[in-house]
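Trainee: Right, I'll just put the structure down here and ask away after.
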Amino acid sequence: MTDINSIRILLVDDDATFRKALSNALLRRGHQVDTAASPSDALEIAERGSYDVALLDLKMPGMDGIELMHEIRGRHVDLPVVILTGHGTIPSAIEAIQTGAYHYLQKPCEVDEVEITLRNAVRQQNLIRENTRLREVIKITTPYEDIVGQSGPILEVIELIERTKDSWSPVLIQGESGTGKELVARALHVGSKRKDQPFVTLNCAGLKPELLENELFGHVEGAFTGASRSKNGLFEVADGGTLFIDEIADMDLKVQASLLRVVENGVFRPLGSTQEKTVRVRIIAAANRDLHAAVETGDFRQDLLYRLDVVHVQVPPLRLRPDDIPLLVSHYLEGSREAREKGIFLAPEAMNLLRAYRWPGNVRELFHVLERAILLSGGEEVAARDLDAVLRPRFRPAGLEPPREPLTLEDSEKLHITRMLEREGGNVSRVSEILGIDRRTLQRKMKRYGIR
């Protein structure tokens, strides 16, 4: 990642006085500057050197800045370009942005303005490269594209999937709402030898016992009023494959007894039938409640729990794997058509805000927040202020009791910086690197928030 305090700059301008003055000013601020008086000189220099950003005058003899930008980009594809323009050429500068320039600056321009623009261009390019790296990490760390992460807790889940995917033994997946229990179930199926067989899902929440039995086991013609023809149940539909039963804690005790028989020997009887049917199905059940506690209260059969809990998968909540949040964000942006079309990326401060939040709704909530923030953002960058409007009403910092008033953006940033400093033993340089900001910026924030 490029250090924004020491940027390698290619400055191209045919005005010798302006070129020398700006170059010297940027050199005094710690940046590395190579200069060229013409487009042809610039192309020769660009061929030999490596740069973080190019600063090109729009109007030059022989070749204008837009043409030069395309020539340089042919050799350095991802090099950000800032265009320098005079008062009368602003429409052309806007055209340059539309064809790929990062921004334009109108002459005469202050050194502070130039430096801020160059830093922002490099910062954006850093983020784009980091997003690319994260996408590659996602591909490397897991063969299951929707189970994203490289933290210890999620890698344990992936390892368990790998060890048990080909077994026919029942699986019980437990975890909070929004953690991705169905994704784990699908991974167990698609990674197995049953991948070409049916994967059938049933959510028990809100279903009456009669309807639930009918869904699972089917019925024959005349089994009940309105049963004008026979219907196969989901066990029969899933034969040879996988049946995923979600929210199994909501299943009625009578239906649990019927399910137990199928789990034990693969035999069931459709409603209204005297004929038994036999199937071979891998049963995967999921719950967001403690089933052992449900056994204690008489709401769940102990024998069924023991039969289901042969392979136990505990999906970790997002608050226990904050290091996976950048990967999850990258995964979401890659899969979002709107994000791809806009070229959306997150500013470092926005990512820090996401890492500081408690996420009671887990990954599902994270994706919902990202969807709303993208709608609120005015351009390619999702800034912390875009997230603030979404998170402010619900903000709960991890490890703390809910505050009486929602935390402000400044409060959450202070909290996150404090935590990072504690974790890194007060190492300011290390924390600034983690947060994606330079050391001086971090020190200013520490001073403003009274952090020692």
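Laboratory data are not the source of any read-out in this text; all were calculated from the coordinates shown. What you see is a predicted model; the values in this text were computed from it and never measured. Here the Cβ positions follow ideal geometry from the backbone for every residue, glycine too, while neighbour counts run over all protein chains shown.
Trainee: Can you list the residues of segment 90-110 with backbone N under 15 Å from a point 7 Å past the Cα of ARG28, pointing along Cα to Cβ?
Mentor: Of the residues in segment 90-110, 110 have backbone N under 15 Å from the label point off ARG28.
Trainee: Roughly how tilted is helix 152-164, in degrees to the nearest 10 and between 0 and 90, from the longest Cα axis of the chain?
Mentor: 50 degrees
Trainee: By count of other Cβ within 10 Å, fewest leading, how are ASP388, ASP303 ordered?
Mentor: Numbers: ASP388 19, ASP303 13.
So the ranking, lowest neighbour count to highest, is ASP303, ASP388.
Trainee: If you don't mind, there's one more thing I want to ask. Tell me, what are the semi-axes, in whole angstrom and largest first, of the equivalent ellipsoid of segment 152-315 as set by the roots of 5 times the Cα gyration tensor eigenvalues? Could you put the intermediate results ahead of the total?
Mentor: Numbers: eigenvalues 144, 69, 34 Å².
Semi-axes, largest first: 27, 19, 13 Å.
Trainee: Subtracting the Cα-Cα distance from 0.36 nm times the residue separation, let me have the gained length for LEU320 to VAL111 in nm, one decimal. Let's see the in-between values first.
Mentor: Details: separation 209, 0.36 × 209 = 75.24 nm, distance 4.45 nm.
Full extension of this stretch gives 70.8 nm more.
Trainee: Sticking with this one: Give the label of the value calculated from the structure for Rg/Rh (Cα atoms, Kirkwood Rh), choosing from (1) 1.04; (2) 0.96; (3) 1.13.
Mentor: It is the value labelled (3).
Trainee: Separate question: If the cut-off is a Cα-Cα distance under 17 Å, which lysines reach LYS193, setting aside same-chain residues fewer than 8 apart in sequence?
Mentor: Filter leaves LYS165.
Trainee: Just tell me which lysines come within less than 18 Å, Cα to Cα, of LYS254; anything on the same chain fewer than 8 places away is out.
Mentor: Of all the lysines, those that pass the test against LYS254 - Cα under 18 Å, at least 8 places apart if same chain - are LYS208.
Trainee: Assign unit charges at the C-beta atoms only (+1 for Lys and Arg, -1 for Asp and Glu), then state the dipole size of segment 322-371 relative to its Cα centre in Debye, rounded to the nearest 20.
Mentor: Numbers: 6 positive and 8 negative charges, 13 e Å.
The calculation lands at about 60 debye.
Trainee: Separate question: With charges set only on the Cβ (+1 for Lys and Arg, -1 for Asp and Glu), what does the dipole of the chain come to about its Cα centre, in debye to the nearest 20? List each step's numbers first, then the result.
Mentor: Values: 60 positive and 68 negative charges, 170 e Å.
Computed about the Cα centre, the dipole is about 820 debye.
Trainee: Relative to the Cα centre, what is the charge dipole magnitude of segment 152-315, using +1 at the beta carbon of each Lys and Arg, -1 at the beta carbon of each Asp and Glu, and rounding to the nearest 20 debye?
Mentor: Values: 19 positive and 24 negative charges, 113 e Å.
For segment 152-315, the charge dipole is close to 540 debye.
Trainee: Pairs of Cα atoms under 8 Å, at least six residues apart: use those to get the relative contact order of the chain, whole percent.
Mentor: On the way: 714 pairs, mean separation 54.4, N = 452.
Relative contact order, the chain: 12 percent.
Trainee: Next question, about the same structure. If we count other beta carbons within 10 Å of each Cβ, what is the order of ARG282, ARG19, fewest first? Write out the running numbers ahead of the final one.
Mentor: Values: ARG282 25, ARG19 20.
The most exposed by this proxy come first: ARG19, ARG282.
Trainee: Projecting each Cα onto the charge dipole of the chain (Lys/Arg +1, Asp/Glu -1 at the beta carbon, about the Cα centre), which of ALA384, VAL190, VAL428 comes out farthest on the positive side?
Mentor: Going by the Cα projections, it comes out as VAL428.
Trainee: Cα to Cα, under 22 Å, and not fewer than 8 places away if on the same chain: which lysines meet these conditions relative to LYS445?
Mentor: LYS445 reaches LYS414.
Trainee: Determine the gain in length on full extension of the stretch GLU210-ASN5; use 0.36 nm per residue of separation and subtract their C-alpha separation, reporting nm with one decimal. All intermediate terms of the calculation are to be shown ahead of the outcome.
Mentor: Numbers: separation 205, 0.36 × 205 = 73.80 nm, distance 6.81 nm.
Length gained between GLU210 and ASN5: 67.0 nm.
Trainee: Quick check on the chain: helices-only [θ] at 222 nm, where DSSP H runs of length 4 and up contribute -39,500 (n - 2.57) each and the sum goes over total residues. Nearest 500, please. All intermediate terms of the calculation are to be shown ahead of the outcome.
Mentor: Details: 20 runs with 217 residues, N = 452.
Helix contribution divided over all residues of the chain: -14500 deg cm²/dmol.
Trainee: To the nearest 10 degrees, how steeply does helix 439-449 sit against the main Cα axis of the chain, on a 0 to 90 scale?
Mentor: The angle comes out at about 70 degrees.
Trainee: Order these by the 10 Å Cβ neighbour count, fewest first: GLU221, GLU176.
Mentor: Working: GLU221 11, GLU176 18.
So the residues, fewest neighbours to most, are GLU221, GLU176.
Trainee: Something else: Rounded to the nearest 10 degrees, what's the angle between the helix 181-190 long axis and the longest principal axis of the chain, both from Cα atoms, 0 to 90?
Mentor: 80 degrees
Trainee: Starting from the Cα of ASN265, step 7 Å along the direction of its Cβ; do the same at GLU156; then give the gap between the two resulting points in nm.
Mentor: Once both label points are built, they end up 3.8 nm from each other.
Trainee: Right, next: Grab the beta carbon distance between VAL295 and ILE434, set R0 = 30 Å, and tell me the FRET efficiency rounded to 0.05.
Mentor: Numbers: r = 44 Å, r/R0 = 1.47.
Plugging the Cβ-Cβ distance into 1/(1 + (r/R0)^6) gives 0.10.
Trainee: Would you work out which of THR274, LEU260, SER50 lies farthest towards the positive end of the dipole of the chain? Charges go on Cβ: Lys and Arg +1, Asp and Glu -1.
Mentor: LEU260
Trainee: Give the separation of the Cα centroids, segment 98-132 to segment 1-51, in Å.
Mentor: Computed from Cα coordinates, the inter-centre distance equals 14 Å.
Trainee: Now for a different question. With respect to the cross-link table entries LYS59/LYS342; LYS20/LYS447; LYS181/LYS277; LYS107/LYS447; LYS195/LYS342; LYS195/LYS231, which display a Cα-Cα separation exceeding 31 Å? Display every interim value, and only then the final one.
Mentor: Numbers: LYS59/LYS342 29 Å; LYS20/LYS447 36 Å; LYS181/LYS277 29 Å; LYS107/LYS447 35 Å; LYS195/LYS342 35 Å; LYS195/LYS231 25 Å.
Exceeds cut-off: LYS20/LYS447; LYS107/LYS447; LYS195/LYS342.
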